[in-house]
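Take a look at this one; I'll ask things after.
The values are calculated or read from the model by the stated rules, or taken from the named source; none is laboratory data. Remember, predicted model here, so these are calculated numbers, not experimental data. All Cβ positions, glycine included, derive from the backbone under ideal geometry; neighbour counts span all protein chains shown.
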Amino acid sequence: MTLHLDHVTLTYPDGDRRLTALDDVSLTAEPGTLTAVVGPSGSGKSSLLAVAATLIRPDAGRVLLDGRDLAPLSRSETAKVRREQIGIVFQSSNLLASLTAVDQLVLITHLAGGDLAAGRRRALDLLAAVGLVAQADKRPSELSGGQRQRVTIARGLMNEPSLLLVDEPTSALDRERGEAVLRLIRELTTDRGLTTVLVTHDHDHLASADEVVEIVDGRTRQLANR
Ligand SMILES: Nc1ncnc2c1ncn2[C@@H]1O[C@H](COP(=O)(O)OP(=O)(O)O)[C@@H](O)[C@H]1O
Ligand SMILES: [Mg+2]
């Protein structure tokens, strides 16, 4: 699915004025490609993902998925788009301490009212895809940081999304584990034809991106287009 942000401006309340987090941002991301978003802390990277994820409506500009403008949709309609088409792997999307890895994923099926046996099969397939078959029955406290990160990525794929939005997936990992997570996201993007937008602070990750967008003070510029 093609994601298009068209002249998006987003502000937040800031005392008695507004803080501009995204300032006339445009971006297009195509299926099977990985778009990396880089920039200093506070520059608007997570805000950009939240707008793309339909979690926040912009003040101005449009968000289009395969050319469909999301603005006229109601909250419940955008929730449906999220549930069915968008994989969200944000720093705030923590694992639940009491659930095993496989159950973190099956919970998504449960919340969507889906078939639990089918959900469990899909969960085990995804855990296999991220290299965690042997950890399926482990709880977060029994997993390493890299393994937990891979569980959150697998969970983000449970709904078979076409758009995958990932916010700094390697921030808590050492270099080697971070590279492994990045390789995994790159492979999933190519193999499943995902439209992936990945926020990262690690410039080593840019080599595996198809597009690199830098954002500074809410304004974007294209760094590379390979
Ligand atoms: N919910 C919010 N309310 C008010 N200001 C916010 C909120 N979220 C982010 N901001 C502000 O918007 C700007 C961009 O934040 P963010 O998108 O989180 O940047 P980044 O992810 O690049 O660090 C920052 O100045 C931040 O303080
Ligand atoms: Mg952020």
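Every residue in segment 179-226 that is in contact (Cβ under 8 Å) with a residue 60 or more places away in the chain, surrounded by fewer than 21 Cβ atoms within 10 Å (Cβ to Cβ) and assigned to a helix (DSSP H, G or I), please. I'd like the intermediate steps shown before the answer.
To start, the set of residues in segment 179-226 that are in contact (Cβ under 8 Å) with a residue 60 or more places away in the chain comprises 185-186, 189-190, 193-201, 203, 205-206, 208-220, 223.
Next, only the ones that are surrounded by fewer than 21 Cβ atoms within 10 Å (Cβ to Cβ) stay: 186, 190, 193, 201, 203, 206, 208, 210-211, 214, 216-217, 219, 223.
The answer is Arg186, Thr190, His203, Leu206, Ser208.
Continuing with the same structure: I'd like to check something: does segment 95-115 contain any residue that is part of a loop (DSSP other than H, G, I, E, B), within 23 Å of Asp204 (Cβ to Cβ) and at pLDDT below 95?
First, pick out the residues of segment 95-115 that are part of a loop (DSSP other than H, G, I, E, B): 95-100, 112-115.
If we keep only those that are within 23 Å of Asp204 (Cβ to Cβ) as well, we get none.
Checked segment 95-115: no residue is part of a loop (DSSP other than H, G, I, E, B), within 23 Å of Asp204 (Cβ to Cβ) and at pLDDT below 95.
For segment 167-179, does any single residue satisfy the condition of being at pLDDT 90 or above and under 24 Å from Pro31 (Cβ atoms)? It would help to see each step written out before you state the result.
Taking segment 167-179 first, the residues at pLDDT 90 or above are 167-168.
Right, trim to under 24 Å from Pro31 (Cβ atoms) and you get 167-168.
Taking every residue of segment 167-179 in turn, at least one turns out to be at pLDDT 90 or above and under 24 Å from Pro31 (Cβ atoms).
Taking Leu73 as the residue in question, decide whether it is crowded, with 21+ Cβ neighbours inside 10 Å and either part of a loop (DSSP other than H, G, I, E, B) or within 13 Å of ligand 2 (Cβ to nearest atom) (or both). If you could, list the steps in order and put the result at the bottom.
Values: crowded, with 21+ Cβ neighbours inside 10 Å: no; either part of a loop (DSSP other than H, G, I, E, B) or within 13 Å of ligand 2 (Cβ to nearest atom) (or both): yes.
Criteria not met by Leu73.
Do you know which residues across segment 158-178 are under 14 Å from Phe90 (Cβ atoms), assigned to a loop (DSSP other than H, G, I, E, B) and not hydrophobic (A, V, I, L, M, F, W, C)?
Pro161, Glu168, Pro169, Thr170, Ser171
Additional query: Kindly indicate whether Gly32 is surrounded by 13 or more Cβ atoms within 10 Å (Cβ to Cβ), within 11 Å of ligand 1 (Cβ to nearest atom) and touching a residue at least 60 places away in the same chain (Cβ under 8 Å). Spell out how you get there, then give the answer.
On the way: surrounded by 13 or more Cβ atoms within 10 Å (Cβ to Cβ): yes; within 11 Å of ligand 1 (Cβ to nearest atom): no; touching a residue at least 60 places away in the same chain (Cβ under 8 Å): yes.
So Gly32 does not fit the description; no.
Still on this model: Please work out which residue is nearest to Ile215 (Cα to Cα), limiting yourself to segment 1-21 and to residues that are near ligand 1 (Cβ under 8 Å from one of its atoms) and of a type outside the set (Phe, Trp, Tyr). So that I can check it myself, show each step before the final result.
Applying the first criterion (near ligand 1 (Cβ under 8 Å from one of its atoms)) to segment 1-21 yields 12-14, 19, 21.
If we keep only those that are of a type outside the set (Phe, Trp, Tyr) too, we end up with 13-14, 19, 21.
Working: Pro13: 21, Asp14: 21, Leu19: 16, Ala21: 10 Å.
Residue satisfying both the conditions and the ranking: Ala21.
Another question about this same structure. When you check Ala79 against the structure, is it in contact (Cβ under 8 Å) with a residue 40 or more places away in the chain and among the hydrophobic types (A, V, I, L, M, F, W, C), yes or no?
No; evaluated as a whole, the condition is false for this residue.
Residue-wise test of (1) polar (S, T, N, Q); (2) modelled with pLDDT under 95; (3) assigned to a loop (DSSP other than H, G, I, E, B).
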{"residue": "Val25", "(1), (2), (3)": "no, no, no"}
{"residue": "Gly32", "(1), (2), (3)": "no, no, yes"}
{"residue": "Val37", "(1), (2), (3)": "no, no, no"}
{"residue": "Leu49", "(1), (2), (3)": "no, no, no"}
{"residue": "Val63", "(1), (2), (3)": "no, no, no"}
{"residue": "Lys80", "(1), (2), (3)": "no, yes, no"}
